[in-house]
1. Could you list, ordered by first residue, the pairs with Cβ atoms under 6 Å in which the first is in segment 350-370 and farther than 22 Å from residue 328 by Cα and the second is of a type outside the set (S, T, N, Q) and not in a strand (DSSP E or B), at least 6 apart or interchain?
2. Scan segment 168-221 residue by residue and report those that are in contact with a His (Cβ under 9 Å, 6 or more places away or on another chain) and on the phi > 0 side of the Ramachandran plot.
3. Among the listed residues 87, 121, 164, identify the single one that is part of a strand (DSSP E or B) and under 23 Å from the mean Cα position of the chain (by Cα).
4. Assess whether residue 243 counts as being more than 23 Å from residue 343 (Cβ to Cβ) and either of a type in the set (Asp, Glu) or in contact with a strand residue (DSSP E or B) (Cβ under 6 Å, 6 or more places away or on another chain) (or both).
5. Quick check on segment 103-126: of everything there that is under 27 Å from residue 12 (Cα atoms) and among the hydroxyl-bearing types (Ser, Thr, Tyr), which residue is surrounded by the most Cβ atoms within 10 Å (Cβ to Cβ)?
6. Yes or no: residue 145 over 25 Å from residue 30 (Cα atoms), in contact with a helix residue (DSSP H, G or I) (Cβ under 8 Å, 6 or more places away or on another chain) and either modelled with pLDDT under 95 or in the same structural domain as residue 212 (by TED's automatic domain parsing) (or both)?
7. For segment 4-43: of the residues being touching a Leu at 6+ places or on another chain (Cβ under 8 Å), of a type outside the set (Lys, Arg) and farther than 26 Å from residue 106 by Cβ, which is modelled with the lowest pLDDT?
8. Take the residues in segment 50-102 that are among the hydroxyl-bearing types (Ser, Thr, Tyr) and without any contact (Cβ under 8 Å) to a residue 40 or more places away in the chain, then tell me which one is surrounded by the fewest Cβ atoms within 10 Å (Cβ to Cβ).
Amino acid sequence: MNKKEVAEIRKALTSYGIISKLCGCYVNHEKRKLLVYKNLFAALEEREEHRYTSIIKKSLSGQIDGSLFNLDLVPCAREKRRMYELLTELKDSELEDDELINEFYDSLIEMFPYGENYLILIINSTYDVPGKASDGTTMDDASDYLHRFINVIICPVKLSKEGLFYNEDKNNIETRMTDWLVGEPLTAMMFPSFNERYTDDHELLLYLRKDEDAVAELVKEMFGCGMPLSAKKQKTIVTELLDDTLSGKFGAETVNEIYGEIGRRAMSEEEYNKNLDKEDLKNILRDSGVGDDAVKEFDKGFDDRIENNKKIPAENLINKKAVIIKTGSVEIKAEPDIAESIEERMIDGRKYLLVPVSEFIKINDVKTKL
């Protein structure tokens, strides 16, 4: 799925009332099912519906290859056949078969080595896919295709803190006791995928909030593959590779040039420019004046850390709002376009950073006169 297809499904789920049923299973840290329930989504109270919709929306948020990943299920169909069958049967049954739902719960609970309480949600939806005219506009009355799919979402459940709160009914300040609160999704999956605006039973859209050992183990057990790298992990790995390759060997100008080009690729309107593989990054290094020996070192490190030469969105590798420059106990935070103007200069035998200033400087938020 691409970002437009994800956005279309997210909008349909949260705006068009396409959800029919919602099932839940509350599991404690000892892997015991404390509660199993099923609801017609339309029968939920408005506040409940809003909360569930917020969780569903969050499970489809982020960038492709950032927190959302297209997972090929062909190997899963061969190696983890029962899990693939369960997902297919759950979708086909429209969550009517309670035995099937419980088998899925039991399988997931057994595979998930999570040491805290959590909630498993399964949502059934049917999307009446609108047709599109030749100019790309949507024709709501020209649909002849149904995309049936399920969303499986796993949320942590944690105790809230005690505190004082205002009781509006009693017009009084009272003590709030602790409650078990459902948090934002740890991971989620949408099956089948929605590729080129059609159902694709060979693919699943996976959501990862952050790197979790328990989630990695679950993905491995369910689908027989390693967990994709989150956006945070991608940035950490490439930053470490660049630091290992460049540290102490190249000046600020070279590093600024490398990140400047990555930033330009991130802002490109051409989709093929936005994602960087190993060769793209090596070419950026070379074009910035990095020698062959250092590029070879980067090449080896990339192969060791990133499986199958995975393409990485350029925007995952930069801070679009600021560049952070540190030297000793001094830290400079600059907008990316200003950072390229910062220079190294030797003055009276000592190296300085020259930072361009505007019409004033602030010290502890107090404006000074230049």
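The values are calculated or read from the model by the stated rules, or taken from the named source; none is laboratory data. Since we're looking at a predicted model, the values are computed, not measured. Here the Cβ is made from the backbone with ideal geometry for all residues, glycine too, and neighbour counts use every protein chain on show.
1. So the pair list comes out as 367/360.
2. The answer is 197, and nothing else.
3. Details: 87 fails: part of a strand (DSSP E or B); 164 fails: under 23 Å from the mean Cα position of the chain (by Cα).
When all the criteria are applied, what remains is 121.
4. Against the criterion (more than 23 Å from residue 343 (Cβ to Cβ) and either of a type in the set (Asp, Glu) or in contact with a strand residue (DSSP E or B) (Cβ under 6 Å, 6 or more places away or on another chain) (or both)), residue 243 does not qualify.
5. 125
6. Working: over 25 Å from residue 30 (Cα atoms): yes; in contact with a helix residue (DSSP H, G or I) (Cβ under 8 Å, 6 or more places away or on another chain): no; either modelled with pLDDT under 95 or in the same structural domain as residue 212 (by TED's automatic domain parsing) (or both): yes.
No.
7. Within segment 4-43, the match that is modelled with the lowest pLDDT is 13.
8. First, the residues of segment 50-102 that are among the hydroxyl-bearing types (Ser, Thr, Tyr): 52-54, 59, 61, 67, 84, 88, 93.
Next, from what is left, pick out any that are without any contact (Cβ under 8 Å) to a residue 40 or more places away in the chain: 54, 84, 93.
Numbers: 54: 12, 84: 23, 93: 15.
Among those that are among the hydroxyl-bearing types (Ser, Thr, Tyr) and without any contact (Cβ under 8 Å) to a residue 40 or more places away in the chain, it is 54.
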